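In what follows, a single structure is set out as structure tokens and then discussed.
All of the numbers you see were taken from the coordinates with simple rules; none came from a lab. Computed from a prediction, not measured in an experiment: that's the story for all the values here. Glycine also receives a Cβ, built like all others from the backbone with ideal geometry; neighbour counts cover every protein chain displayed.
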Amino acid sequence: MTDTLRTPPRRAPQQPLRPFARDPRRWEEERSRALLTGHVCRDTACTGTREPVLVYERTGSGWLTWTVPGDGTLPNLPRQIGVLTPGATTTQRLAVRWLTRRPAHRIALTHTSPASLRLSAVLVAVISLFAALFALNRGIPADLVLPVMLLAPLLTEHLPDRLDDRAREHVRSVESDAACQNLQRLAALHTCIVQAAAGSDRYELRRSAEIGQNLLWVAAGLLHNQDTRSASTRLIDREWLMVQLADQVAQSLERIAPSRPPARPTSPAVAKARWASSRPASNQRHGQHLRPQPALHR
């Protein structure tokens, strides 16, 4: 009985994650941008003092973060995998878009110090200074102008970090190589389930996608709070459940395909009209010469 339950299903798709698998042109655009504007990984370890350019791919379950190899190949493993909470609302999905925005440009204060400021905060400070001078010349009290002038760049610098903390309450993410390697197998299976459910209105397929999202959420929590070795047993159970779920979806698709109604046959009148409209114009103008002449009876 145990051997039967542990036999791997044959229909479950087993394929690794690839960046923008359904839109390869998008990956080429992101790679070209990274080569022009940032630091790319020249080897698999991606060593160096500069942070590599990160490419964010939003998915139905969360997001995938990729680095750009310098040799032109596709990355084998995501740098980070994020999972959105099951049954997410529109606001929670907006949190994913916020977390996967492009990183802000920063200006280093000195060459030796790691301290830096957001470029947007510097621009807001300059604009606030000129706006404050204009307001003071207009006679607006200084006790109103100066606090606003100081508060605007401070909010620009620190408010995004506070919003990041609030947005992370709705997601779970893993970043280590071992954790990403374990979670990407579940994410690949769940991607196949979501793609099958997206093109169908059947309840069992949509329900399978929801269950798969819950399994991803639990697995991301295990990898986020524990090391891979400690959570290995429970991760294997979640992966096995995801494999069985993907196998059931594959079986459902096989049953759906033969049961689809055949195409409705075209009526003779419609077929005749289509045939007549597809004839060359010369034949239509001289159609009287192509029609068979009735036989003459003496």
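Let me check against my output: what whole-number percent is the relative contact order of region 171-240, with C-alpha pairs under 8 Å and at least 6 apart?
Value for region 171-240: 42 percent.
Using the Karplus curve 6.51 cos²θ - 1.76 cosθ + 1.60 with θ = phi - 60°, work out ³J(HN,Hα) for each residue of region 132-142 in order, rounded to whole Hz, and write x for Gly and Pro.
Each residue's phi maps through the Karplus curve to give 5, 4, 5, 5, 5, 5, 7, x, 6, x, 5 Hz.
Hey, fewest Cβ within 10 Å first, where do THR91, THR191 land in order?
THR91, THR191
To the nearest µm²/s, what D does Stokes-Einstein give for region 107-163 at 10 °C and 1.306 mPa s, using the Kirkwood radius over alpha carbon pairs as Rh?
The diffusion coefficient I find is 128 µm²/s.
At 0.36 nm per residue, minus the direct Cα-Cα distance, what do LEU136 and LEU150 gain on full extension? Give it in nm, one decimal, please.
3.6 nm
Which ³J(HN,Hα) values, rounded to whole Hz and listed in residue order, are derived for region 223-238 from phi using the Karplus coefficients 6.51, -1.76 and 1.60 in 6.51 cos²θ - 1.76 cosθ + 1.60 with θ = phi - 60°, glycine and proline given as x?
6, 6, 9, 10, 7, 4, 5, 5, 9, 4, 5, 5, 5, 5, 5, 5
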